[in-house]
1. Looking at this structure, is Asp81 in contact with a Lys or Arg (Cβ under 6 Å, 6 or more places away or on another chain), over 20 Å from Gly22 (Cα atoms) and of a type in the set (Asp, Glu)?
2. How many residues are hydroxyl-bearing (Ser, Thr, Tyr) and buried (at least 19 other Cβ atoms within 10 Å of the Cβ) if we restrict to the stretch 31-42?
3. Tell me the strands (runs of 3 or more DSSP E) entirely within the stretch 43-110 that contain at least 2 residues that are open to solvent by 10 Å² or more (accessible area, probe 1.4 Å) and free of Cβ contacts under 8 Å to residues at least 40 places away in the same chain.
Amino acid sequence: MFNNKKVITYDSEAEKVVTLIGTGAVCDGPFSSKDSTRVDGTINGAVRIDGSLIIGQTGKINGNIKAQNVFLAGEVTGNVDAGAGKVEISDTGKIVGDITTHSIVIDENAVFQGNCSMTADKASALFAKERAVTPKESD
């Protein structure tokens, strides 16, 4: 009857951060983590996170990203794949690359240069198609 989907927010994900790349830290080469991760430093290479990725205002990633969810306040140069999750770009965030995601939020003044591919499960796509072609009944 009611849609009880859990809403994923920056605040709820920030509480679960297990891995932290601090301000001033530089990681060269691919980086991966099984836990939610916050990056305030720089990563030069591909990033794969099994949980959520939070990129703080001082955070920079030069490489492709694959994560469940991506919350961006810093800079990314590379493609972002959060196919089943959410990408959120804050007003200080900048991404130069393509995004694949289920849902996206781009704040005013954020920078996004690239293409966005939205993924959806077939059930909701079929439901939307049915709703679009079925005439509405008048009251």
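1. yes
2. The number of residues fulfilling the criteria is 3.
3. Result: 60-62, 75-77, 80-89, 94-96, 99-106.
The values are calculated or read from the model by the stated rules, or taken from the named source; none is laboratory data. A quick note: this is a predicted structure, and the numbers were derived from the prediction, not measured. Virtual Cβ from ideal backbone geometry, glycine too; neighbours counted across all protein chains shown. Surface accessibility is based on the protein's heavy atoms, side chains included, excluding ligands, DNA and RNA. Shrake-Rupley method; radii C 1.70, N 1.55, O 1.52, S 1.80 Å.
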